[in-house]
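Report on one structure; see the data block that follows.
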Amino acid sequence: MSENSLEKTMKALVLEKPAPVESGPLLLCDLPVPQIGEEEVLLRVRACGVCRTDLHIVEGEIPSHLLPLVPGHQIVGAVEEVGEKVKDLARGALVGVPWLNQVCGSCRFCQEGKENLCENALFTGYDVPGGYAEYVATSREAVYKLPAGYKEEELAPLLCAGVIGYRAYRMSGVKEGDVLGIFGFGSSAHLVAQIARAEGVEIFVFTRSPEHQRLARDLGASFVGRAEDHPLRPLTSAIIFAPAGNLVKNALSYVERGGKVVMAGIYSTPLPEIPYSLLYWERSVKSVANSTRQDVRELLDFAQKFHLEVKSEVFPLAEANRVLRLLKESKIKASAVLKPQP
């Protein structure tokens, strides 16, 4: 790190203690611009997506790993400086950083190609400082080349909403001609709907928000209703994006024999008692845990090949508390993105 960099400070949103977002738990602070190690990269943050996982972290619905913490794990940034051992990134290059930051490579899950289950994984904006800041330092292995033809605020949601949605979509097992049910229609879901349509999969959407229902229709959903509205015909599989455990019962009721119900969130309210008859005929319920680096590469390649219409609302970095509150109240149309002041 140069002497000039060491003297610089940055604005960052800091969580000192989890609390309801209505209380404004993220504090706008002046912090030193981080120093980097020999295998790390310093990025000037251009945009950082706001994820429901951030809300769960801020409100303490998932246990804290690092406090104080700068959240944020859908980071688009320009390379400002690289460590001595980083030879393949040029200053000024626009890159992305997702949720999965580092894996150990040696536990049995890593050895079996299941690095999303790594016992020693580090996650951006959870175990290491994230992108609700003007600068972020990160491991080189967490940095990805981004697809061309997108604005910065369109790229940010791809890095978690897109990646997790993509993993959930692949886990659902649907193929051309199948019917996929989507419960909840926010940042991830509106991208999954486009991935599915590109592959000839029909989409049925279940959401209570009138605005989300309109977006689902605009993106080509054949059926749009609330969770209690029975679909026109059975679903091949379903993905639940809303953090509401009661939706598992609805989804199981609607999927056909052998259908899968995939829960795509990091957090959910408790699941209800489920009659065995809903699970019979080889129906199944699975969770999605994080993602692999290959998931990230595949989603970004898909976004390059099939231009995804990323719906995003841009807010100043300092408004993170308000944005998280809007997300909690389902008042974000699709994806929210924070941008530091230029």
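None of the figures in this text is laboratory data; all of them are computed from the coordinates on show. Only a predicted model underlies this, so the values are computations on that prediction, with no experimental measurement involved. Using ideal geometry, Cβ is built from the backbone for each residue, glycine included, and neighbour counts are taken over all protein chains shown.
Of all lysines in the structure, those lying under 26 Å Cα to Cα from Lys175, and not within fewer than 8 positions of it along the same chain, are Lys114, Lys249, Lys260, Lys286, Lys305, Lys311. Could you list the trypsin sites (Lys or Arg not before Pro) in segment 1-82 that lie in coil according to DSSP, counting only those with at most 15 other Cβ atoms within 10 Å of their Cβ? Here the sparse-neighbourhood loop sites are Lys8.
Applying the criteria of a DSSP loop state and at most 12 other Cβ atoms within 10 Å to the chymotrypsin sites (Phe, Trp or Tyr not before Pro) of segment 235-305 yields Tyr280, Trp281.
Annotation: amide H of Ala238 within the under-5 Å range of Gly181, Lys260, Val261, Val262, sequence separation 5 or more or interchain, hydrogens built in the peptide plane. The phi-based Karplus calculation (6.51 cos²θ - 1.76 cosθ + 1.60; θ = phi - 60°) puts the 3J(HN,Hα) values of segment 279-291 at 8, 4, 6, 6, 6, 9, 10, 10, 9, 9, 10, 6, 7 Hz, whole numbers, x for Gly and Pro. Between Glu313 and Arg197, the FRET efficiency from the beta-carbon distance, with R0 = 30 Å, is close to 0.85. Assuming charge only on the beta carbon of Lys and Arg (+1) and of Asp and Glu (-1), the dipole of segment 162-287 about its Cα centre is about 140 debye to the nearest 20.
The charge dipole of the chain, taken about the Cα centre with unit charges on the Cβ atoms of Lys, Arg (+1) and Asp, Glu (-1), comes to about 860 debye, rounded to the nearest 20. Here the relative contact order of segment 162-287, from alpha carbon pairs under 8 Å that lie six or more residues apart, stands at 24 percent.
Within the chain, which is the longest segment that contains none of the GluC sites (Glu not before Pro) sitting in a DSSP loop with at most 12 other Cβ atoms within 10 Å? Result, exposed sites excluded: 120-175. For the chain, the longest principal axis of the alpha carbon atoms and the long axis of helix 187-198 meet at an angle near 60°.
Calculated on the alpha-carbon coordinates, the convex hull of the chain measures out at 132 cubic angstrom per residue. The ellipsoid that matches the Cα gyration tensor of segment 220-275 has semi-axes, each √(5λ) in whole angstrom, of 18, 13, 11, with the longest given first.
Run the reach check for Lys87 against lysines, Cα to Cα strictly under 24 Å, same-chain hits fewer than 8 apart removed. What comes back? Output for Lys87: Lys145. Its DSSP H runs of at least 4 residues, each contributing -39,500 (n - 2.57), put the calculated 222 nm mean residue ellipticity of the chain at -7000 deg cm²/dmol, to the nearest 500.
Based on Cα contacts under 8 Å between residues 6+ apart, the chain shows a relative contact order of 18 percent. When the alpha carbon gyration tensor of segment 162-287 is reduced to an equivalent ellipsoid, the three semi-axes, largest first, read 20, 16, 14 Å. For Gly245, nonlocal amide neighbours, meaning residues 5 or more places apart or on other chains whose placed amide H falls under 5 Å from its own, are Thr269.
Sorting the Cα pairs of segment 169-216 by distance into bins of 10 Å, from 0 upward, gives 28, 57, 15 percent per bin. Please tell me the relative contact order of segment 215-313 in percent, rounded to the nearest whole number, where contacts are Cα pairs under 8 Å and at least six residues apart. The normalised contact order for segment 215-313 reaches 22 percent. Taking other C-beta atoms within 10 Å as the exposure proxy, Arg226, Arg325 rank Arg226, Arg325 from fewest upward.
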